[in-house]
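Peer 1: I am attaching a structure below and will ask some questions about it afterwards.
Each reported figure results from applying straightforward, stated rules to the coordinates on display, with no laboratory input. Quick caveat: nothing in here was measured; it's all calculated off a predicted structure. Here the Cβ is made from the backbone with ideal geometry for all residues, glycine too, and neighbour counts use every protein chain on show.
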């Protein structure tokens, strides 16, 4: 792990203090995570690739677990700015899908 920290920088060591979510831990509790768990389902937020706000990697084995949506990232940023960085991982319970978006648009 030490070599990874040196290779990728301080972002892997812990949460950034400059308002970035990179390095923050979240606990995944989505349907897919209950059916196919990975280690403890705790992930570290990494840099994202468009259109995503961040990447979720298992804190224990480093496996890719999913992408962080911009909406979820904004919510986490709001919580962190209001209450400070959490001592325990924030729980992410529901994955956003395009079907959810289509349903909410048709109900309006």
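Peer 1: So for the pair residue 91, residue 34, with labels modelled 7 Å out along Cα→Cβ, what separation do we get in nm?
Peer 2: It is 1.1 nm.
Peer 1: Each label point is 7 Å from the Cα along the Cα-to-Cβ direction; what then is the distance between the points at residue 78 and residue 47, in nm?
Peer 2: 2.8
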